[in-house]
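Peer 1: I have a structure here, written as C-alpha cells, and I will follow up with some questions on it.
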2 protein chains.
Amino acid sequence: MIFPVLCLFLAARFSKIQNKSSTAKYGHKLWPMPQLISSSTDRYPLSPRQFIFQYASGSSAKSGCSVIDSAFKRYFPLIFKTEKHMYRTFSMQPMLNVYASIHLSFPFSVVDKLSVSSGQASLRAKTVWGALRGNKTIHIRHVRYKYFVNKTEIDDFPRFKFRGLLLDTSRHYLPLPAILKTLDAMSYNKFNVFHWHIVDDPSFPYQSSTFPGLSSKGAFHPSTHVYSQTDVSRVISHARLRGIRVLPEFDSPGHTQSWGKGQPGLLTSCYKGSVPSGTFGPVNPAMSSSYQFISRLFKEVASVFPDPYIHLGGDEVDFTCWKSNPEVRGFMQKMGFGTDYTKLESYYMENIINLTKTLNKTSIVWQDVFDNHEKIPEETVLHIWKGSPAQIQQELSDITLAGYRVILSAPWYINHIAYGQDWTTYYNVQPLNFTGSEQQKSLVIGGEVCMWGEYVDATNLSPRLWPRASAAAERLWSDEKTTSSVTDAFPRLTDFRCRLLRRGIQAEPLFVGHCRHEYEGI
Amino acid sequence: MIFPVLCLFLAARFSKIQNKSSTAKYGHKLWPMPQLISSSTDRYPLSPRQFIFQYASGSSAKSGCSVIDSAFKRYFPLIFKTEKHMYRTFSMQPMLNVYASIHLSFPFSVVDKLSVSSGQASLRAKTVWGALRGNKTIHIRHVRYKYFVNKTEIDDFPRFKFRGLLLDTSRHYLPLPAILKTLDAMSYNKFNVFHWHIVDDPSFPYQSSTFPGLSSKGAFHPSTHVYSQTDVSRVISHARLRGIRVLPEFDSPGHTQSWGKGQPGLLTSCYKGSVPSGTFGPVNPAMSSSYQFISRLFKEVASVFPDPYIHLGGDEVDFTCWKSNPEVRGFMQKMGFGTDYTKLESYYMENIINLTKTLNKTSIVWQDVFDNHEKIPEETVLHIWKGSPAQIQQELSDITLAGYRVILSAPWYINHIAYGQDWTTYYNVQPLNFTGSEQQKSLVIGGEVCMWGEYVDATNLSPRLWPRASAAAERLWSDEKTTSSVTDAFPRLTDFRCRLLRRGIQAEPLFVGHCRHEYEGI
C-alpha cells in the first residue's frame, strides 16, 4: 500500500469557446470544496468519442499502474454516462477537434493542481492517490447533450489525512455488494479510510483461516453470513483502487460475545455467588491462553489486512463479570491491582497493543483506553466516540496535550437519525475548536463517520449514509473558512446528491425537489 | 368497485402428520393479528407440485373473477418461493398425496373464516375482498425444504373499515414502480386505501386531459415527472386487484402554488400596498372562474378515479394574501363576511364540497374545515392530522359529537423519523381512547399512515415505510385487547419484516439480527 512519491501531470487540449450567453454565469458545484478554485465562464467542448486519458512520457507512473489505469477506465463512463443516447448523437455529429491526455512527469509539486485553461487541461499530483482524487475533481457539465469543461484553476489537498467511514457488519451482516457500493460512494466523497468494524457481540462474520470455528459458530449463518478470505481481499483491492485504506477492527476485551461461541474458554465465566451463572463477560484477562489466542488471531489479521494500523477497540468494558469470577479476583490480588479493575483492563490493553506492535502494526483504540489508563505506547492513536460537545473538546485537549494522535467520531454518529436536514449538524462540526497549541491541533489526524448497525442493514444503508455523510466529507477535506455556511453548501450538496444518484448511489433527497435524471430510476 | 356480496370457500385436503418433535411448539407469526386464531402443533405437508387453488362449484364467484384469479396466480409463488432450488428438490422427491383447492360457495358467513384441520383447509368469506385477505392469512411454514401448514382455525375481520396510507407525489415525484411496490406491501399489511396526495405546492404531476397545461407547466418535468392517464389507471387496477381503493386528493384552496403555473388567474394575486407583489396565494375564492375551473377539473377526476370519495384537502389556508388583495376584500364586503376570513374559506369549501356532491362523490377534508366552519354537509368525512395527544382526543370527541365520520392520521405521520424503535409509538396509538358514546366511537371509520414527501423519494421510501407502517396496520385491523403488548408484537413483527423482504419489499430491520434469507439480496 506504500507507493513512491511521484508526480502526475494531466494535459488536455481544447478548442476554446467564448461563452456567448451573458446569463450563463458559471458557479462550480464541486463537493467537497477544493482548497483553491478559480473558474471562468469560458468553456471548452468535449467529445466522448475523442476524449482519452494518457500517461505522459517521463512520468514516474506509467501504464501498468493499476490504480491510475483503473481510474481511467472507471471515470470515462462516469463523465460521459448521463445520457444513454448521447453516443448516437455524437457519432452523427462529430465534435470539434478536441482531445485530452494524461501525462505523468517530474518534478513534484507541493500540492495537487488541476488546471483547465486555453487549449490545455493538466493535473499535477505528488502521488498516485492525489492524481486519483484530482481525477474526481474534473467537473464536466453537459448542456443539451453536449459536454463542456470550464476554464478552471484548482490547487487542492486534504485538510485532514484520515477521512474515515465505519461500517458495522456484526449487528447486521452486510452483503459484499453493499460494502463495495459504499466504497464507490466513499471515493466520490474523497473519504480515504474504510474502518471495518467487522465483528462484535452479535456475530462474528470474519472467516478466520486460523480459527474457522469463530465464524462457523459465531456468525449468523456459517456459510451465507460470513466474509471469506476471498471476500476480504476483494474489499481491500476494490478499496485500494479507489484510494481507500481498509482499517480492520477486532474490538476486545468487551464486545466479544460472538467470539466465545467458537473459542471456548476465551471469555470470562460470570458467577452468581460461588457458581458459574452460565453467562459470559469480556475476554478473560487472567489467562495466558487469552493472549496466545489474540496473538495468533492478530498474526493472521496483520497479514490479511495490509494497512499499517489495526483498530483494537477497548471500549465499554463492563467489570461486573470480572468482579464475580474468583479466578479473575485471584489474578487481581496476585498482580497487586487491589480492587481497581481499570488496572486489569489497562494490563489487558497494554498486552495486546504490545503484541500488535510486534506484528509491525500501530494500534488505534477507542478513547476509553486513554480515559482509564496511565501508560499507553506513544504511537497509539486515540479515537473519540462519546460525550457532549464540551466533553469532546476537553477530550481533544487532554489527548493531544498528552501527545497522542487523535481521530474524531463523536459528532459524526450518523446512525442517529433525526427528522429534517440533520446534515447541517454534521457540517457544522469544527474538529479543531478546542483549547490547545498548534502542535496539539496537528495531532488531530482526522475524523470518521460511524454507521453503527443496530437499525441498519443493506435495506437502508445507502440512503441513510448519503448524502448525510457527505457533510462530514467536506468538513474533513476542505478549508473551514470557505465552507462555513450551510446556506452556501445546500445547493452544492443538492447537486452533488444528484451526481451520486447518477453514479448509482441510492442517496436520499435533502429536501423538496428533483434531480434531472432521477426518472431513470435508481 | 362495488361487488355483490358473495361467499368464498376454500378447501384443501391434507394428510395429517402428528408432530413428533416435542420442542416444535408452534407459535403463529401472522401480522396483522387475526381477530380469533387457534392453532395446534399438528401439521400437514404441502407440495408445490401438487398444490392448486380452485373455485368450488356453486360459488357465486367463478373463474373469470379477476380479483380472485389474479390472487391465485400471485400467491402461489409467494407461498412457495422461499428456496429457488426447491422445485428441483420436489421433482426428485415427490411429496405425499396432498392437494389443495379453493371452492367458492354459498351461504354467506358473517365473518371471514379460515380453517385448516384434519384433511381439509377451507376459507369462507362474505366478499371477494374478504377472500383476498383470507388468502393472505394462510401461513405456510417451511422446514428443511419441505412445506407444512399447521392445524388452525381463524375467524377474521377488520376492526376499522378505512385502513389508509398516504403517499405525497408532489414534494418529490415517485416513479410508477415505487407506487406499485408500495401497493404490494400495503396488501401484505391489509391496508385497503391508497390516499394519493397527488399534487401540492411544489409540483403538479397529474396529467389532466382537460387542462394539460397544469402538468406541462406545473410538473417538475413535463414528460418525465408526470402521471399520464395510463399511469393512473395502472395504479388503480394494480390497487384494485390487491383489494385497495385509490382515494385521490386535490388539495385546495391552499397548497396550490403549482396549479397556478398552468392556470393563470386561478390563484390570488398578493399585493404589497396597492400593487401586486408578483407572488400568489391560495385559489382566488372571489372569482366565479375559480369554481368553473374546479368543477371541470373535478369532473375529470371523478371519472378517472372510480372511488366514491374525493379528498378535497382544505388545510393550512393562509389568509395573508387574501387580506392583501383589494378584489378579495371587496368580495368579503359584498358577502357580508366582515373581516372574518374563515367565513371566506368556509364559503369556498362549501362550494367545492357541493360541486363534488353533484358528481356523486363524497368529500373527505382535513380537520381545518371542521375547526373553522359552521356548516359542513353531514356526509363529509373529517381527517385529523395535527395536535398533541390531548388535542387529538378532543378533536375526536368534537367531530363525532357533531355527527361526522372521522379518519385519524395525526399520530401516524410516519415521515417523522426518530432514532430507535419508533414503531412502538405507532403501535401504542389507541384510536378510540377519547370521551364519547358508543355511537360516537362508531363514527371513527379508521386511520391512515401519512408519508409526506419533504425528505422522501424513491431512494428511501420503502425502508422508511416498512415495517414502521406495519405497526399502524395491526392497530387498524386487529383487536386492541390481543395486541396491546409491544413485547409480544416484537418477534411477530420481526418475522413479518423478513417475510416482506422475501416478497421483495425493502423493509428495514427492527433491531440487531438477521433474516434467514436476506443474503439472497433485496
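Peer 1: Just to be sure I understand, how many residues within region A:399-428 are open to solvent by 30 Å² or more (accessible area, probe 1.4 Å) and of a type in the set (A, V, I, L, M)?
Peer 2: 3
Peer 1: Within 14 Å of chain A (Cβ to nearest Cβ), open to solvent by 10 Å² or more (accessible area, probe 1.4 Å) and in a helix (DSSP H, G or I) - does that describe any residue in region B:189-209?
Peer 2: no
Peer 1: Here's another thing I want to ask about it. Working only within region B:217-234, note down all residues that are farther than 21 Å from residue B:302 by Cα, open to solvent by 40 Å² or more (accessible area, probe 1.4 Å) and either not charged (D, E, K, R) or not assigned by the TED database to the domain that holds residue B:313 (or both).
Peer 2: Of everything in region B:217-234, those that are farther than 21 Å from residue B:302 by Cα, open to solvent by 40 Å² or more (accessible area, probe 1.4 Å) and either not charged (D, E, K, R) or not assigned by the TED database to the domain that holds residue B:313 (or both) turn out to be B:220, B:221, B:222, B:223.
Peer 1: What about residue A:40, is it open to solvent by less than 50 Å² (accessible area, probe 1.4 Å), at pLDDT 70 or above, in a helix (DSSP H, G or I) and more than 24 Å from residue A:497 (Cβ to Cβ)?
Peer 2: Here the answer is no, as residue A:40 does not meet what is asked.
Peer 1: Take the conditions more than 14 Å from chain A (Cβ to nearest Cβ), more than 19 Å from the chain's Cα centre (by Cα) and open to solvent by less than 20 Å² (accessible area, probe 1.4 Å) and apply them to residue B:396. Does it pass?
Peer 2: yes
Peer 1: Across region B:143-173, what is the number of residues that are more than 14 Å from chain A (Cβ to nearest Cβ) and over 13 Å from the mean Cα position of the chain (by Cα)?
Peer 2: Going through region B:143-173 one residue at a time, the tally reaches 17.
Peer 1: Also: Go through A:464, A:497, A:492, A:503 for me and flag whichever is at pLDDT below 95 and either touching a Leu at 6+ places or on another chain (Cβ under 7 Å) or open to solvent by 10 Å² or more (accessible area, probe 1.4 Å) (or both).
Peer 2: A:503
Here's the yes/no breakdown for (1) farther than 17 Å from residue B:452 by Cβ; (2) more than 21 Å from the chain's Cα centre (by Cα):
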| site | (1), (2) |
| --- | --- |
| B:175 | yes, no |
| B:181 | yes, no |
| B:196 | no, no |
| B:203 | no, yes |
| B:228 | yes, yes |
| B:231 | yes, no |
| B:264 | yes, yes |
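Peer 1: Which one is least open to solvent (accessible area, probe 1.4 Å) among residues in region A:285-320 that are of a type in the set (Val, Ile, Thr) and farther than 23 Å from residue A:212 by Cα?
Peer 2: Going through the qualifying residues, I end up with A:317.
Peer 1: Which of (1) buried (at least 22 other Cβ atoms within 10 Å of the Cβ); (2) assigned to a loop (DSSP other than H, G, I, E, B) is the odd one out, the single condition residue B:369 does not satisfy?
Peer 2: Going through (1) buried (at least 22 other Cβ atoms within 10 Å of the Cβ); (2) assigned to a loop (DSSP other than H, G, I, E, B) one by one, residue B:369 breaks only (2).
Peer 1: In addition: Are any residues in region A:157-172 over 22 Å from residue A:132 (Cβ atoms), in a loop (DSSP other than H, G, I, E, B) and not basic (Lys, Arg), and if so, which ones?
Peer 2: Answer for region A:157-172, where residues must be over 22 Å from residue A:132 (Cβ atoms), in a loop (DSSP other than H, G, I, E, B) and not basic (Lys, Arg): A:169, A:170, A:172.
Peer 1: Residue A:364 passes all but one of (1) touching a Phe, Trp or Tyr at 6+ places or on another chain (Cβ under 7 Å); (2) outside any loop (DSSP other than H, G, I, E, B); (3) free of Cβ contacts under 8 Å to residues at least 60 places away in the same chain; which number fails?
Peer 2: With (1) touching a Phe, Trp or Tyr at 6+ places or on another chain (Cβ under 7 Å); (2) outside any loop (DSSP other than H, G, I, E, B); (3) free of Cβ contacts under 8 Å to residues at least 60 places away in the same chain applied to residue A:364, the lone miss is (3).
Peer 1: Determine whether residue A:438 is touching a Ser or Thr at 6+ places or on another chain (Cβ under 6 Å) and either open to solvent by less than 40 Å² (accessible area, probe 1.4 Å) or over 28 Å from residue B:174 (Cα atoms) (or both).
Peer 2: So residue A:438 does not fit the description; no.
Peer 1: Same structure again: Give the residues of region A:448-461 that are open to solvent by 10 Å² or more (accessible area, probe 1.4 Å) and within 17 Å of residue B:459 (Cα to Cα), sorted by residue number.
Peer 2: Answer for region A:448-461, where residues must be open to solvent by 10 Å² or more (accessible area, probe 1.4 Å) and within 17 Å of residue B:459 (Cα to Cα): just A:458.
Peer 1: A further question on this structure: Within region B:9-37, restricting attention to residues that are among the charged types (D, E, K, R) and at pLDDT below 75, which residue is surrounded by the fewest Cβ atoms within 10 Å (Cβ to Cβ)?
Peer 2: Looking at the filtered set, the residue picked out is B:20.
Peer 1: Kindly check whether there is at least one residue in region A:321-336 that is surrounded by fewer than 20 Cβ atoms within 10 Å (Cβ to Cβ), of a type outside the set (Gly, Ala, Ser), touching a residue at least 60 places away in the same chain (Cβ under 8 Å) and not in a loop (DSSP other than H, G, I, E, B).
Peer 2: No, there is no match, as no residue in region A:321-336 is surrounded by fewer than 20 Cβ atoms within 10 Å (Cβ to Cβ), of a type outside the set (Gly, Ala, Ser), touching a residue at least 60 places away in the same chain (Cβ under 8 Å) and not in a loop (DSSP other than H, G, I, E, B).
Peer 1: Residue pairs, Cβ under 7 Å, 6 or more apart or interchain, first in region B:220-234 and more than 12 Å from chain A (Cβ to nearest Cβ), second surrounded by fewer than 15 Cβ atoms within 10 Å (Cβ to Cβ) and in a loop (DSSP other than H, G, I, E, B). List them.
Peer 2: Pairs found: B:229/B:209.
Peer 1: Could you list, in sequence order, the residues of region B:342-361 that are in a helix (DSSP H, G or I), of a type outside the set (A, V, I, L, M, F, W, C) and open to solvent by 20 Å² or more (accessible area, probe 1.4 Å)?
Peer 2: Scanning region B:342-361 gives B:342, B:343, B:347, B:350, B:351, B:354, B:357, B:358.
Peer 1: Say we look at region A:377-390 and pick out the residues that are out of contact with any Ser or Thr (no Cβ under 6 Å at 6 or more places or on another chain) and more than 23 Å from residue A:438 (Cβ to Cβ); which of these is surrounded by the fewest Cβ atoms within 10 Å (Cβ to Cβ)?
Peer 2: A:388
Peer 1: If we only count helices (runs of 4 or more DSSP H) wholly inside region B:404-522, which ones have 2 or more residues that are away from every other protein chain (no Cβ under 14 Å) and within 27 Å of residue B:80 (Cβ to Cβ)?
Peer 2: B:468-477, B:486-502
The values are calculated or read from the model by the stated rules, or taken from the named source; none is laboratory data. Not measured: the values here are computed from a predicted model. Don't worry about glycine lacking a Cβ; one is built from the backbone with ideal geometry, like all the others, and counts go over all protein chains shown. Ligands, DNA and RNA are excluded from the accessible area calculation, which covers all protein heavy atoms including side chains. Shrake-Rupley method; radii C 1.70, N 1.55, O 1.52, S 1.80 Å.
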